[in-house]
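What follows is a short report on a single structure.
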Amino acid sequence: MAVGIFDSGLGGLTVLEAVQKRLPEVPFVYLADSAHAPYGVRTPEDIHTLTRAAVARLWEEGCDLVILACNTASAAALRRIQEGGLPEGKRVLGVFVPLIEALTERDWGDNSPPREVAVKHVALFATPATVASRAFQRELAFRAIGVDVEAQACAGVVDAIEEGDMILAEALVRSHVEALKRKMPAPDAAVLGCTHYPLMESVFQEALGPGVKVFSQAGLVAESLADYLARHPDMLGVGQEPKFLTTGDAAQVSDRATAFLRRKIAFEAA
Ligand code: DGL
């Protein structure tokens, strides 16, 4: 009954934590494509090829449902993977839609026409590839009208987190928030559109100020996954064993993951 969780690296662990807490009976197989991280500076073609391979690897583990716990893969590859046709009984879901549904005050899966919502000025923080894709703005336009989005491509933040250099990550976050504020001085909401960024959420909140509501994905994805599995219980795959897989150096990735989650995490080679 395993479900696959995929990220380019460690960021998806923020999603994994939340889904494990929400669905303790479900075994999750986590795959980090650490050998190819970061994805955010790659071309859409490259991201698509890497994401497809990762999804296929998780299917091999007996996961019928794979969550792309990576905005960059969701933005650059998900639609193409879905439109390319999936093998019978397999599904791939991204992390954008639950976030946008929360931002636009919708129930999960509410596909009614776009309408006015409370937030008017939204700051989007994401990787360069996610910002370039404009996928966030496209999904938002399906659900809301009159929302002004200013996007900040946060170059370097994922690399610093993957390297475990949190001092550099913090300095970069502060400078990206300053750059955003020069373009949009008073956002009323901010979206952390990369699953690595919740590891820096307090820095984003402090730099943005207390008046800005920060939307982060982990809890939202967990709620929407619980709702999806309640409606599609057949999507629990045959895999039984929770696992952490990486395409990178398993010992190094395990150490960083253990430090981030403050519990022992043991990755094995994918
Ligand atoms: N966690 C990924 C995301 O949500 C990071 C992408 C990257 O590897 O640059 O976008």
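The values are calculated or read from the model by the stated rules, or taken from the named source; none is laboratory data. Fair warning: this is a prediction, and the values are worked out from it, not measured in the lab. Note that we place each Cβ from the backbone using ideal geometry, even for glycine, and neighbour counts take in every protein chain shown.
Helices (runs of 4 or more DSSP H) wholly in the stretch 165-249 with at least 1 residues that are buried (at least 17 other Cβ atoms within 10 Å of the Cβ), within 16 Å of the ligand (Cβ to nearest atom) and at pLDDT below 95 - which ones? Steps first, please.
On the way: elements: 166-183, 201-208, 217-231.
Passing ranges, in order: 217-231.
Of the residues Arg22, Arg42, only one is surrounded by fewer than 19 Cβ atoms within 10 Å (Cβ to Cβ) and not hydrophobic (A, V, I, L, M, F, W, C); which? So that I can check it myself, show each step before the final result.
Numbers: Arg42 fails: surrounded by fewer than 19 Cβ atoms within 10 Å (Cβ to Cβ).
That would be Arg22, the only listed residue that is surrounded by fewer than 19 Cβ atoms within 10 Å (Cβ to Cβ) and not hydrophobic (A, V, I, L, M, F, W, C).
Restricting to the stretch 11-24, name every residue that is in contact (Cβ under 8 Å) with a residue 24 or more places away in the chain, more than 8 Å from the ligand (Cβ to nearest atom) and in a loop (DSSP other than H, G, I, E, B). Give the derivation first.
Initially, the stretch 11-24 is screened for residues in contact (Cβ under 8 Å) with a residue 24 or more places away in the chain, giving 11-19, 21-23.
Cutting the leftovers down to more than 8 Å from the ligand (Cβ to nearest atom) gives us 13-19, 21-23.
Passing the criteria: only Leu23.
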Taking the stretch 134-157 and keeping residues assigned to a helix (DSSP H, G or I) and either under 15 Å from the mean Cα position of the chain (by Cα) or not polar (S, T, N, Q) (or both) leaves Ala135, Phe136, Arg138, Glu139, Leu140, Ala141, Val157
Take the stretch 107-125 and flag every residue that is out of contact with any strand residue (DSSP E or B) (no Cβ under 9 Å at 6 or more places or on another chain) and either within 16 Å of the ligand (Cβ to nearest atom) or charged (D, E, K, R) (or both). Asp107, Asp110
